[in-house]
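The next block holds one structure in the form of structure tokens; read it before the comments.
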Amino acid sequence: MAKNEYPFTLIPLPYDDDALEPYINEETMEVHHDRLLKAYVDRLNAVLAAYPQLQELTLTQMLENTAQLPPGVRQAIINFGGGVFNHNFFFESLRPGLYENNPIGSLRRAIDAEFGSYEMFRRVFKEEAMSVFGSGWLWLVRKDDGGLLLKRTANQDSPISLGYTPLTVIDVWEHAYFLQYLNLRGDYIDSWFHVVDWAKAEERYLMSP
Ligand code: MN
């Protein structure tokens, strides 16, 4: 991830706003990145402005050790800092779509071992993403023991606060799909499978402790 310290800036998308068409349209990406992520960046900076000691920490350090944050700003950092981390991670997990888009290498073997097959993984992933109630995320994470897990998080909670290594993610907040798909979250999830960057997930899997 790019710059990870105060003052935080809006990291540009690693592709054009319309690069994920037709799976995620340009208008959705503009609003999601340029407006919603920007708002999280600004609000995180505003919270940290009064806490010089926290300005020395990376965002990852803050989110990995939320119990050590000052109680008065802990939830704000979980919300706004999580919003920054989760969105940057999400946007970096996508790339221009492929009709046939399958995981590769050792991550593919781990998915096959954990879920039986990629087809079964897709079915469980979609069910889990559909079952996120309200606003949240579904993550593919690596556990301490090396195994894979599908982990739901609510609001802007981040899996790094729970000790997991995230490999890839889908944002299922309504704002991630409503402009294009209205209330049809399932269609958006189907589209996500075409734009998820499995090479990036594989890279994270290989680098994970
Ligand atoms: Mn979002």
- Message: Can you give me the long-range amide H partners of Thr165? Hydrogens built in the peptide plane at 1.01 Å from N, cutoff under 5 Å, separation of 5 or more residues or another chain.
- Response: Arg142
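Ordering Met120, Met62 from largest to smallest accessible area (1.4 angstrom probe), what's the sequence? List each step's numbers first, then the result.
Details: Met120 90, Met62 0 Å².
Descending order: Met120, Met62.
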- Item | Theoretical FRET efficiency, 1/(1+(r/R0)^6), r = Cβ-Cβ of Glu30 and Thr9, R0 22 Å, to 0.05 | 0.80
- How big is the charge dipole of segment 80-194 about its Cα centre, in debye rounded to the nearest 20, if each Lys and Arg gets +1 on its Cβ and each Asp and Glu gets -1 on its Cβ? 120 debye
- To the nearest 500 deg cm²/dmol, what mean residue ellipticity at 222 nm is calculated for the chain from DSSP H runs of n ≥ 4 alone, each contributing -39,500 (n - 2.57), summed and divided by the residues? -11500 deg cm²/dmol
- Note on the structure: Relative contact order of segment 97-209 (C-alpha contacts under 8 Å, at least 6 apart) in percent is 31 percent
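Beyond 22 Å, what percent of the Cα pairs of segment 131-209 remain? Walk me through the intermediate numbers first.
Numbers: 831 of 3081 pairs.
Of all Cα-Cα pairs in segment 131-209, 27 percent lie more than 22 Å apart.
Compute, for the chain, the length of the dipole vector about the Cα centre, with Cβ point charges of +1 (Lys, Arg) and -1 (Asp, Glu) only. Units Debye, rounded to 20.
Details: 18 positive and 29 negative charges, 132 e Å.
I would put it at about 640 debye.
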- Message: If I compute solvent accessible area with a 1.4 Å probe over the protein chains, what percent of it on the chain is carbon and sulfur?
- Response: 52 percent
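Relative contact order for the chain: what is it in percent, counting Cα pairs under 8 Å that are at least 6 residues apart?
On the way: 311 pairs, mean separation 51.6, N = 209.
Normalised by residue count, the contact order of the chain is 25 percent.
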- Message: Using a 1.4 Å probe on the protein heavy atoms only, what accessible surface does Asp16 show? Give it in Å² to the nearest 10.
- Response: 110 Å²
- Find the accessible area per residue for the chain; the probe is 1.4 Å, ligands and nucleic acids are left out, and the unit is Å². 47 Å²
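The values are calculated or read from the model by the stated rules, or taken from the named source; none is laboratory data. Computed from a prediction, not measured in an experiment: that's the story for all the values here. Neighbour counts run over all protein chains shown; Cβ positions are idealised from the backbone, glycine included. The protein model used for the area step is the full one, side chains on, heavy atoms only, and it has no ligands, DNA or RNA in it. Shrake-Rupley method; radii C 1.70, N 1.55, O 1.52, S 1.80 Å.
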